[in-house]
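The values are calculated or read from the model by the stated rules, or taken from the named source; none is laboratory data. Everything numeric here is computed off the predicted structure, so don't read it as measured data. Note: ideal-geometry Cβ built from the backbone for every residue, glycine included; neighbour counts use all protein chains shown. Calculation scope for accessible area: heavy atoms of the full protein, side chains included, ligands and nucleic acids excluded. Shrake-Rupley method; radii C 1.70, N 1.55, O 1.52, S 1.80 Å.
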Amino acid sequence: MPKSNEIQVINSNFEGKYQFLLNFMLINPYLRSCQLWWLTIISTSITSCVSTQPTAERLSVVDTTQINNQHSLSLSTPVETKAVQPGPYRAEYTKLHDLIHTRLEVRFDWEKQYLLGKATLELRPYFYPQDILVLDAKGFDIHSVQLVEGGSKESLKYQYNQKKLIISLNRTYLRDESYFVEIDYTAKPNELETGGSESITSDKGLYFINPLGEVKNKPQQIWTQGETEASSCWFPTIDSPNQRTTQEIYMTVEDRFTTLSNGRLVYSQGNEDSTRTDYWRMSQPHAPYLFMMAVGEFAVVKDQWEGKEVSYYVEPEYQPYAKLIFGRTPQMMTYFSELLKYPYPWSKYSQVVVRDYVSGAMENTTASMFMEDLQVDSRFLIDDDWDGIIAHELFHHWFGDLVTSESWSNLTLNEAFATYAEYLWAEHLLGRDEAEYLGYEEQLNYLGEAREKRVDLIRFYYHDKEDMFDSHSYAKGSRVLHMLRHYLGDDAFFSTLNEYLTTYANQPVEVHHLRLVAEKVSGEDLNWFFNQWFLDSGHPELHLEKVFENDTLSIEITQVQDLDFAPIFRLPLEIEFWHDQQNESHSIVLEQQLQSFKFQMDSEPDLVIIDKENNLLLDLDYHQDVQELMHQYRVGTHALTRFKALEKLLNDSVGSEVVGLFTEALEDPFWAIRQLSVNLFEDYPGDHPEELVSRLYAMAKSDPKSLVRADAITTLSSFPNDEVYLPIYLEAIKDSSYAVAGAGLTAYLQIDHPERNEIAQQFENENNIQLVIPLADFYALDHVPGKYSWYQSRLENAKGELMYYLVNYFGQYLVSAPPKEQVRGARYLEDLGINHSTYYVRFSAFQALSLLEGVEGVPEMKRTVKESEKDPRLLEVYAQIP
């Protein structure tokens, strides 16, 4: 399961406390005209408890380099790392029974949102004799519990506390004796007291979407989410990751619905009451948290890999785009199978997109589930793709599904590998530069979290299992695997992965299984590596000083990480010295808090690069002057080396030399460097030489990367007298790329042009966020009258992040709307703030209401919204607001 698609950005005003709100608002840096405005609204309302009124002044766009590159995440900005108090020891669950087989027969009551089920479980004692069976079963009505022997059934006594079903067996069973228990039950997920986390926002297991079909433009669906221990919210089981069971599911649904589950569809059988029963069978054992069901009116697009079915389940509207979205899946299956020398091990592979999903995606065995954001059209795919998350869930089918962490303490054995698959796929498809840039973003995500929280990768003392789903388990774990690959070498690393899969297929594992296999393959004791990276906290924080005298370069490196949280690391690294265009490399090993190294050379080097291959997870405090950084850019063979040089230059005052370098970097072969350079010149206060303007103009028209073209347009629009670029804005709004069209539309609507309203109206039926937001911004901040119905129509179709931003703008629009519209709009916002299923949309509605304090009834509406809230994240925020 991917942690989320939220980038981690630290804002000191929030002291990490409300980071989850900032994370969501900064998901998409291209929505740049509303982000800082709403950060100010939220920060002010929390810190000073005063509602902020909107300004009519149009805001300048946000510098995406400040969002994406997170310059503050370094030793130059001291921050107090907070101690995470340990929870109780979390052992692997004791195995009293083996769960051998699970047979489920289910139908659904859409009106009550109940599952009517019968579960038949085959079990046997794990080792010791047993006369009691304890099952996880959350919030059920239990109708009967029976022992099944041949054709007869015997009622069994049981106790039930709404969480555990404790069954007294008819006798004591030995470990070579299996038995069958049948449970007739009703699951009532909406009556459970639910929890969740930032990664998995709800844990009620079974979800009815638009169950009565009353919500316009929203399909009726049912789907499940088992991780971590929510499968027991819809069927009785031993809900532990160290169990493995085969399964059968008989799903009875209305004939208009399509179903999906693990394994293969054996048959579909029509019933006399216009329903249909689909029989799905999974003959290979897997963990109960990987069980899944999906029901809906899906279009199913078929593909294949090596004779196995590959299929994509989407809403009918997106059927033409399914292969554009998911179509590289067979190619990924081939690549990963060959890389691991272990062919994809399951009978089929399906991928389904559902509405209102509680996470980003989930690796249910043979049937991964994805959030609705993946349903996009061909224009979206010009700008970006979903290969990362698709590769992540697919790789889980080796690491997580085939070989499964024995406990949530070892979660990183699932998630680090799946996250690293994103790097591997990028490296294979797009090359090393793209992969390194992705790895760098992961490192920044981890470093952002580490400023507030430092915990072991393998954690036996967490407070809640949901705490494990963080940037340590995902991003740090991925970078640690990359370091292990770098240390062992590709041959030994991938041989280790093959041996690990071969040895522990269909078994639960802990971190020492991986270590022992790596040692077996490499012949080396690797306790030092696993102890410091998996079983301890933190990362190397290095301070470097260098002095050149008497033909000797002396380098002193100090490990300055807080030793209350982190060890002294053993760190093999490479140092590279450059004299003009000539370079030489030296390998050193850090293993003490303070170490000095001396290198003989004829002259002082122009440049010293630490970790030239960008392989290590570290935080380096090392002063480089402007000339050094400019030299690093010009000699850097890796794009990330050049990118880091430019990034550090941004922290210095930008003089003419640096401006010249960034102008030069506009022609860099790597798109992210061109984008970084383009964004430097946005609102740049200095001169705009003709060469620079000409280059930006050319990039806006023809850069091969659409996101760079879009940012070039945005930068041009920040220049004085940007009306001269009107032709390129008008050309851009016709572009196939949503990003380019959106940038052109935003730039055009900022110009006081007589045809603005007419142009805006041409886009009023668009639903893509890139085109809706420019209109919402224009209509709200320019007080364009008569657009209430447009906002309502867009809000009806909006979902996810678009809904969040659109509610923001709707609140701004209402400030200058007629009084009747203000009252009607406030009631709508109140309803959203109470009833919307997504916490950040509810919060957005509350903030929009805060702009309407003078409207009759709004203070009472805000109070009602606060009193209705149950999400602990928002409750904490609301507690700070009177």
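Number of residues in the stretch 462-487 that are of a type outside the set (D, E, K, R), open to solvent by 20 Å² or more (accessible area, probe 1.4 Å) and either without any contact (Cβ under 8 Å) to a residue 24 or more places away in the chain or not in a helix (DSSP H, G or I) (or both): the value is 2. Check whether at least one residue in the stretch 772-793 is under 27 Å from Ser197 (Cβ atoms), among the aliphatic types (A, V, I, L, M) and either at pLDDT 95 or above or surrounded by fewer than 20 Cβ atoms within 10 Å (Cβ to Cβ) (or both), and report yes or no. No; the residues of the stretch 772-793 include none that is under 27 Å from Ser197 (Cβ atoms), among the aliphatic types (A, V, I, L, M) and either at pLDDT 95 or above or surrounded by fewer than 20 Cβ atoms within 10 Å (Cβ to Cβ) (or both). Quick check on the stretch 651-668: of everything there that is in contact (Cβ under 8 Å) with a residue 12 or more places away in the chain and over 21 Å from Val693 (Cβ atoms), which residue is most open to solvent (accessible area, probe 1.4 Å)? Ranking the candidates gives Asn651 first.
Between Arg642, Arg634, the distinction of being at pLDDT 95 or above, among the basic types (Lys, Arg) and surrounded by fewer than 19 Cβ atoms within 10 Å (Cβ to Cβ) belongs to Arg634 only.
Of the numbered criteria (1) farther than 21 Å from Gln770 by Cα; (2) open to solvent by less than 20 Å² (accessible area, probe 1.4 Å); (3) in contact with a Leu (Cβ under 8 Å, 6 or more places away or on another chain), the one Val815 fails is (2). Of the numbered criteria (1) within 19 Å of Lys218 (Cα to Cα); (2) hydroxyl-bearing (Ser, Thr, Tyr); (3) touching a Phe, Trp or Tyr at 6+ places or on another chain (Cβ under 7 Å), the one Ser837 fails is (3). Scanning the stretch 147-160 for residues that are at pLDDT 95 or above and open to solvent by 40 Å² or more (accessible area, probe 1.4 Å) yields a count of 9. Looking only at the stretch 161-192, residues that are open to solvent by 20 Å² or more (accessible area, probe 1.4 Å) and under 20 Å from Arg107 (Cα atoms) come to 5 in all. Can you name the residue in the stretch 834-882 that is of a type in the set (Gly, Ala, Ser) and in a loop (DSSP other than H, G, I, E, B) and, of all such residues, is farthest from Ser197 (Cα to Cα)? By that ranking, first place goes to Gly854. Note on the stretch 277-286: among residues that are out of contact with any Asp or Glu (no Cβ under 8 Å at 6 or more places or on another chain) and in contact (Cβ under 8 Å) with a residue 60 or more places away in the chain, the one that is nearest to Gly400 (Cα to Cα) is Pro285.
Of all residues in the stretch 794-806, one or more are assigned to a loop (DSSP other than H, G, I, E, B) and either touching a residue at least 40 places away in the same chain (Cβ under 8 Å) or more than 24 Å from Glu860 (Cβ to Cβ) (or both). Just the residues that are of a type in the set (Phe, Trp, Tyr) and open to solvent by less than 10 Å² (accessible area, probe 1.4 Å), please, taken from the stretch 365-407. Hits for the stretch 365-407 are Phe370, Phe395, Trp398, Phe399. Among the residues of the stretch 680-739, those identified as surrounded by 14 or more Cβ atoms within 10 Å (Cβ to Cβ), closer than 24 Å to Pro669 by Cβ and of a type in the set (S, T, N, Q) are Ser706, Thr714, Thr715, Ser737.
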